[in-house]
1. State yes or no: is P150 of a type outside the set (S, T, N, Q), over 17 Å from F32 (Cα atoms), open to solvent by 70 Å² or more (accessible area, probe 1.4 Å) and touching a strand residue (DSSP E or B) at 6+ places or on another chain (Cβ under 9 Å)?
2. Out of all the residues in the stretch 51-61, is one or more touching a residue at least 40 places away in the same chain (Cβ under 8 Å) and surrounded by 14 or more Cβ atoms within 10 Å (Cβ to Cβ)?
3. Can you confirm whether the stretch 122-132 contains a residue that is of a type in the set (V, I, T), under 24 Å from G77 (Cβ atoms) and touching a residue at least 12 places away in the same chain (Cβ under 8 Å)?
4. Is it the case, given these coordinates, that R79 is under 17 Å from the mean Cα position of the chain (by Cα) and open to solvent by 60 Å² or more (accessible area, probe 1.4 Å)?
5. Which condition number does H98 fail, the rest of (1) open to solvent by less than 40 Å² (accessible area, probe 1.4 Å); (2) under 19 Å from Q28 (Cα atoms); (3) in contact with a strand residue (DSSP E or B) (Cβ under 6 Å, 6 or more places away or on another chain) being met?
6. Looking at (1) closer than 16 Å to D44 by Cβ; (2) out of contact with any Lys or Arg (no Cβ under 7 Å at 6 or more places or on another chain); (3) open to solvent by less than 30 Å² (accessible area, probe 1.4 Å), which is the one condition that is false for A91?
7. Among the residues of the stretch 121-148, which ones are modelled with pLDDT under 85 and of a type in the set (S, T, Y)?
8. Which residues, counting only those in the stretch 118-127, are open to solvent by less than 10 Å² (accessible area, probe 1.4 Å) and within 20 Å of A151 (Cβ to Cβ)?
Amino acid sequence: MFVLVPFGLGNSYVPDPRGVADTLRRVQPQAFVSTPRLYHKIHDAAQRRVMATSGGAGRFEWALRMGVQVQAARMAGKRPSPSLLAQHALADRMVFRHVRDAGGGPKRLLSCGGAPLNPRVSELFYAAGLPIYHGYGQIETTAMTTCNTPADHTFDTVGRPVPGCQ
């Protein structure tokens with residue numbers, strides 16, 4: 001896991017995969033790159049917390065719809081309506097904060113590669129204001145050849161070739 005520090009980049013290594021969640025909460029990285037497994041774990045942890053409350057399943061689905069509508073409006077350069085923003089604030093308190101908490105707080109950048117990420121997981125992070133930028137390349141050499149960008153973000157592709165790649 002990469003961790004941003006004031007003047008550069010730091011790494012946090014977690015020798016035991018069972019310690020990743022605790023490390024995320026302790027280190028609170030501003031950015032990280034991971035395989036889908038970590039994002040699925042964060043999604044599942046947040047969903048379990050919400051499901052433990054009354055109306056959990058309906059609340060989770062409603063919050064997801066609100067979040068996607070707000071983020072889609074923002075990506076299109078539009079201001080969401082006051083009603084939608086109020087509903088989104090409620091969805092944030094009920095659901096999205098659990099996603100951020102499970103991932104160690106707010107993030108500047110999330111990236112995923114190595115295997116396909118379930119679009120439903122990606123959609124939840126997007127709705128919470130944490131878009132995951134999918135990429136493709138050889139993990140062994142950290143050579144990314146394609147990646148989604150904030151201007152061209154989708155849930156089901158690995159984006160366009162990065163400059164210098166065909």
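The values are calculated or read from the model by the stated rules, or taken from the named source; none is laboratory data. Everything numeric in this text was worked out from a predicted model, so none of it was measured. A quick note on method: Cβ atoms are made from the backbone with ideal geometry, for glycine too, and the neighbour counts reach across all protein chains shown. Side chains included, ligands, DNA and RNA excluded: accessible areas come from the protein's heavy atoms. Shrake-Rupley method; radii C 1.70, N 1.55, O 1.52, S 1.80 Å.
1. On the way: of a type outside the set (S, T, N, Q): yes; over 17 Å from F32 (Cα atoms): no; open to solvent by 70 Å² or more (accessible area, probe 1.4 Å): yes; touching a strand residue (DSSP E or B) at 6+ places or on another chain (Cβ under 9 Å): yes.
Judged against the criteria, P150 is not a match.
2. No, the stretch 51-61 contains no residue that is touching a residue at least 40 places away in the same chain (Cβ under 8 Å) and surrounded by 14 or more Cβ atoms within 10 Å (Cβ to Cβ).
3. Going through the stretch 122-132, the residues of a type in the set (V, I, T) turn out to be 132.
With the extra rule that they be under 24 Å from G77 (Cβ atoms), the set shrinks to 132.
Subsequent filtering for residues that are touching a residue at least 12 places away in the same chain (Cβ under 8 Å) retains 132.
Yes, there is a match, as at least one residue in the stretch 122-132 is of a type in the set (V, I, T), under 24 Å from G77 (Cβ atoms) and touching a residue at least 12 places away in the same chain (Cβ under 8 Å).
4. So R79 fails the test.
5. (3)
6. Only one criterion is unmet by A91, namely (1).
7. Y136, T141, T142, T145, T146
8. Residues of the stretch 118-127 that are open to solvent by less than 10 Å² (accessible area, probe 1.4 Å), as a first pass: 121-122, 124-125, 127.
Answer for the stretch 118-127, where residues must be open to solvent by less than 10 Å² (accessible area, probe 1.4 Å) and within 20 Å of A151 (Cβ to Cβ): S122, F125, A127.
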